1. Just the residues that are surrounded by fewer than 19 Cβ atoms within 10 Å (Cβ to Cβ), of a type outside the set (Lys, Arg), in contact (Cβ under 8 Å) with a residue 60 or more places away in the chain and part of a loop (DSSP other than H, G, I, E, B), please, taken from segment 99-129.
2. Which residues, taken from segment 195-219, are open to solvent by 20 Å² or more (accessible area, probe 1.4 Å) and within 30 Å of Lys125 (Cβ to Cβ)?
3. For segment 20-28, state whether one or more residues are open to solvent by 70 Å² or more (accessible area, probe 1.4 Å), at positive phi and modelled with pLDDT under 95.
4. When you check Leu55 against the structure, is it touching a helix residue (DSSP H, G or I) at 6+ places or on another chain (Cβ under 9 Å) and open to solvent by 50 Å² or more (accessible area, probe 1.4 Å), yes or no?
5. Would you pick out the residues in segment 213-248 that are of a type in the set (A, V, I, L, M) and not in a loop (DSSP other than H, G, I, E, B)?
6. Going through segment 57-80 one residue at a time, which ones are part of a helix (DSSP H, G or I) and over 33 Å from the mean Cα position of the chain (by Cα)?
7. Specify the residue that is nearest to Tyr303 (Cα to Cα); the eligible residues are those in segment 220-248 that are surrounded by 19 or more Cβ atoms within 10 Å (Cβ to Cβ) and among the aliphatic types (A, V, I, L, M).
8. Go through the residues of segment 249-265 one by one and say whether even a single one is open to solvent by less than 30 Å² (accessible area, probe 1.4 Å), in a helix (DSSP H, G or I), at pLDDT below 90 and within 16 Å of Asp174 (Cα to Cα).
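The values are calculated or read from the model by the stated rules, or taken from the named source; none is laboratory data. Please read these numbers as outputs of a predicted model, since none were measured by experiment. Note: ideal-geometry Cβ built from the backbone for every residue, glycine included; neighbour counts use all protein chains shown. What goes into the accessible areas is simple: the full protein's heavy atoms, side chains included, and nothing from ligands, DNA or RNA. Shrake-Rupley method; radii C 1.70, N 1.55, O 1.52, S 1.80 Å.
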Amino acid sequence: MTDALSGELLILILLILTCSRIFFSRRINTDSLSLLSVIALILSFLQILAWGATLQELLVFTAAILVFISNIHALSRLNSQLLVDVYSPLFITVSILLCLILLLLSTLLVVYRPVNVDPESYHVKVTRHYLSGNFQYGFNNDAAWYEKKDAETVLFTPETEQAGSGPILLFIPDKRASLYEYFPYLLNLSSLGVTVLAADFYTADGSWLSPFQDNRLIRPTALLLHSLYNKNFMAAHEKAYTENMCREYAALFRIAKAQFSASQKYFLVSDGMTATAAAETAAGQAERCSGYFLLQTVPEFKYPGYGCIEQMNIPLAVYFGLHRDPEERMPRYLAQETIAALKK
């Protein structure tokens, strides 16, 4: 079970307890269980801060809001220290309906849960850093807890003798997904004996959407929805997005050069909207870059740009007619194709 799913189910359990108290709390002095709706609402908001505004988190947050609204009167009575005799027929009806909705949502979250990817099972060490800064002036090594996180880097280091013996792979995800959606591929790739440095950027001088949508929590979902419901959206913004991606690759190169030896060679991997930028960057960094590989050139990879949806975004996979794949067949195949391209 993933950390995100554990948090979602915990919130839903609190909400179910809040709604189901009509069956076991009668003629009580104070309706203190109504406070669970407040706790669940706060936790659902924290879940969004931790995992982003994904479909699952938004559904749980919406459910928490509905339960909170249905308990406003109960919370008011609790605050006023008023006694509770019996619950009203309307409150009982609403609570039963919400219980059924919450049970259905819990079932859907379990059925469509992401595959749990544990780096230790791949024999890969994962090192994560959050950076502050921008494209114009560069990025600090580590952002303090109170600073805005403008970039995230994740280093995948294989626990094998081959580690560090060849080029380091540099990867930036398509913006319709986050690094999280590519973890099965990146872990499988590193498990084959290569070091991978992946990064994602959320700087003020690298705008993709409107200010409200262009942040770490909302941007992947917003771009995903734009691309799904407007087939011409990505093509209409291709030039601007390519310019942004070129700046991100340039920044990642500077981060890598500061981290590794001066003689280190690099190999770029791209997906979806990052393809043109990867090719241009590889040409501009020819003395340090041994080549690049485009994931969308793999014929079996039917939906590039969205990450490993059969493992990490099951609702989207179902939308495309795919199924949950805990065996990670596509990530393993993409990793093997990447290694084959690297060795050419």
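1. Tyr112, Val115, Asn116, His123
2. Going residue by residue through segment 195-219, those that are open to solvent by 20 Å² or more (accessible area, probe 1.4 Å) are 202, 204-205, 207, 209-218.
Those that are open to solvent by 20 Å² or more (accessible area, probe 1.4 Å) and within 30 Å of Lys125 (Cβ to Cβ): Tyr202, Asn215, Arg216, Leu217.
3. Our first condition is that a residue be open to solvent by 70 Å² or more (accessible area, probe 1.4 Å); within segment 20-28, this holds for 23-24, 26-27.
The next check asks that each one be at positive phi; those that pass are 27.
Filter once more, so that each one left must be modelled with pLDDT under 95: 27.
Checked segment 20-28: at least one residue is open to solvent by 70 Å² or more (accessible area, probe 1.4 Å), at positive phi and modelled with pLDDT under 95.
4. On the way: touching a helix residue (DSSP H, G or I) at 6+ places or on another chain (Cβ under 9 Å): yes; open to solvent by 50 Å² or more (accessible area, probe 1.4 Å): yes.
Yes: the conditions hold for Leu55.
5. Ala222, Leu223, Leu224, Leu225, Leu228, Met234, Ala235, Ala236, Ala240, Met245 - these are the residues of segment 213-248 that are of a type in the set (A, V, I, L, M) and not in a loop (DSSP other than H, G, I, E, B).
6. Here is the first cut: in segment 57-80, the ones part of a helix (DSSP H, G or I) are 57-70, 72-79.
If the condition is that a residue be part of a helix (DSSP H, G or I) and over 33 Å from the mean Cα position of the chain (by Cα), then His73, Ala74, Leu75, Ser76, Arg77, Leu78, Asn79 are the ones that fit.
7. Ranking the qualifying residues of segment 220-248, first place goes to Leu224.
8. no
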